[in-house]
Amino acid sequence: SGTVTASETIYFTLSEASTTFAQSDIDVTGGTLSNFTPVPSSGTASAGYTQYTATFTPSPNASGTATIGVKSGMFSDVAGNANADTYVSPAPAGATQEGNNLVSLNYNTSTNPATPDTTAPTIAITADKATLAAGQSASVTFVLSEPSSDFLSTDVQVSGGTLSGWTQLNPSTYSATFTPAAGGQGTGRIYVASSAFRDAAGNANADGADANNAVDFITNYGNNGGDSTPPTIVVARTASGTLTSSETLTFTLSEASTNFAATDIDVVGGSLSNFSPVPTSGTAGTGYTQYTATFTPSTNSTGTATIGVAAGKFSDNAGNANQDDYKLTGAENTNNQVSIAYNTQANPNPPADTTAPSIVVARAGSGSLALGGTETITFTLSEGSTSFNASDVDVSGGTLSGFAPVPGSGNATSGYHQYTAVFTPAANSVGTATIGVAAGKFQDAAGNANTDTYVAGAGFEANNLVSIGYNTQQNDTSRPTIEVSRAGSGTVTASETVYFTLSEASSTFALSDIDVTGGTLSNFAPVSTSG
């Protein structure tokens, strides 16, 4: 009982003997199980056993609440009947939820074990679809960073529809079904605010502003009097070349809209003014298909401005929201944004750009990666670059995949300021991986190469490298064996050396583990060359 600081034995007691109950049948959070074995006195190998034990070891240098449980349908008795008890609430059809199918253990393996758990839990919400046609529903999953005993469906804020089928899949994962409200096309949202639930230490979640705390839906898509086609938009400039003052931009919609507004437009590098519809493109009652605005770049500066329209910003008269988005890939999205080089400096012919670009390498998560884990790595450049690519990144302890620019951070012509990739640690190994960018790997638009590096010496910057601990080894569930042998032969008349040879190295084998009759053992010692 109490808080676990090292390891603890867990008992699994079956109402009937089973030959199929295995360690893989057990759900574990907050640590690992080892030494899974039947209790010899509870049965036989042929008839099965009614009791098993395993050693639980909590996650290193951490604190929280661990859970060890068994769901329904994981093992069977000798007659082939599968267990129907489960810790999941509500229980699936044909099963019964029972509190004794799960144990929760507070643990603290921090370097300072007296340190209390003050880390707030977090939640991530995902859905299997974002656009729902009339009559469709979405499956929503809620994943907590720590188990919680007070996270309920009532903690979820829902708009534009209803939530049903609330189910706990495991101690930290829940699912439900979102069904949009009937009627014309609209939007829906599922959101969990801060202080909605608590972990075992009483810490309330504090991640209500995180992007993954909510999912948004476009609902009843196509339920608009026969018009199910979303409108599109083309953003275009009326001039060309480098801008030194102001310029008129045009926004051409495929269908008239009465709700397209200046606030729907994303602008970087300046500001918009004089937003208005083109009178000949429609009417106030039915909406307009073309709008104009004046773009003015930032004063006394130089750079590349972007003006674009994202998805879900306006709708046609049938209520269909636009789906094209400059942040997404695909030919239908490329004309949703324009990029404009500008120079409004007091000296229109400034000295040549001789400033070297720099880079920051960062990971999305924290802690170590376990078997099957991956990590998103972000590369943020101080200036846009068209030459930065995956081969510029030094990687040890694993591999990078999915290297790509972040669409909203630039364009293919002027380059991008931000790139991402997925790091996968080396298989079946333990270590610390590094992902870094050295000097001279990429250039800005003026041809200046980066001079910052993760290598000690000139230009060293700590933010050019991230280090990630990982352990992708399979759990060792094989029991060691031992062979006892003697050094001599025949009848012993004095003393004799006895050898104990283990199939795997052990730090716990001791003299007291050995049963002796007819004499005594002394000078127990390991063979120094064996480990």
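The values are calculated or read from the model by the stated rules, or taken from the named source; none is laboratory data. Note that the structure is predicted; figures quoted are calculated from it, not measured. Counting neighbours? That spans all protein chains shown, and the Cβs are built from the backbone with ideal geometry, glycine included. The protein model used for the area step is the full one, side chains on, heavy atoms only, and it has no ligands, DNA or RNA in it. Shrake-Rupley method; radii C 1.70, N 1.55, O 1.52, S 1.80 Å.
Key figures
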| read-out | value |
| --- | --- |
| Candidate set from region 174-188 (those that are surrounded by 15 or more Cβ atoms within 10 Å (Cβ to Cβ) and under 25 Å from the mean Cα position of the chain (by Cα)); member that is nearest to N101 (Cα to Cα) | Y174 |
| Residue in region 32-47 that is open to solvent by 30 Å² or more (accessible area, probe 1.4 Å), of a type in the set (A, V, I, L, M, F, W, C), assigned to a strand (DSSP E or B) and more than 22 Å from S110 (Cα to Cα) present | yes |
| Subset of region 103-128 (residues that are closer than 17 Å to G188 by Cα and touching a residue at least 40 places away in the same chain (Cβ under 8 Å)) | I125, T126, A127 |
| Residues of region 16-31 satisfying the condition of being assigned to a strand (DSSP E or B) and open to solvent by 30 Å² or more (accessible area, probe 1.4 Å) | E16, D27, V28, T29 |
| Candidates V268, V192, V235, filtered to the one that is in contact (Cβ under 8 Å) with a residue 40 or more places away in the chain and within 33 Å of the chain's Cα centre (by Cα) | V192 |
| Residues satisfying the stated conditions in region 423-444, i.e. surrounded by fewer than 16 Cβ atoms within 10 Å (Cβ to Cβ) and either on the phi > 0 side of the Ramachandran plot or assigned to a strand (DSSP E or B) (or both) | N428, V430, G431, T432, G440 |
| Close pairs (7 angstrom Cβ cut-off, 6 or more residues apart or separate chains): within 19 Å of A462 (Cα to Cα) and in contact (Cβ under 8 Å) with a residue 12 or more places away in the chain in region 376-387, crowded, with 23+ Cβ neighbours inside 10 Å and of a type in the set (G, A, S) anywhere | none |
| Unique match (being at pLDDT below 85, open to solvent by less than 60 Å² (accessible area, probe 1.4 Å) and more than 30 Å from T131 (Cβ to Cβ)) among G367, G330, G397 | G367 |
| Single match in A318, A311, A293, A284 (criterion: small (G, A, S) and open to solvent by 60 Å² or more (accessible area, probe 1.4 Å)) | A284 |
| Selection from region 155-165 of residues that are open to solvent by 20 Å² or more (accessible area, probe 1.4 Å), at pLDDT 90 or above and either of a type outside the set (S, T, Y) or not in a strand (DSSP E or B) (or both) | D155, Q157, V158, L163, G165 |
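Here is a yes/no grid of residues against (1) of a type in the set (D, E, K, R); (2) under 27 Å from the mean Cα position of the chain (by Cα); (3) closer than 30 Å to D227 by Cβ:
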site: S63; (1), (2), (3): no, yes, no
site: G99; (1), (2), (3): no, no, no
site: N108; (1), (2), (3): no, yes, no
site: A124; (1), (2), (3): no, yes, no
site: S145; (1), (2), (3): no, yes, no
site: T162; (1), (2), (3): no, yes, yes
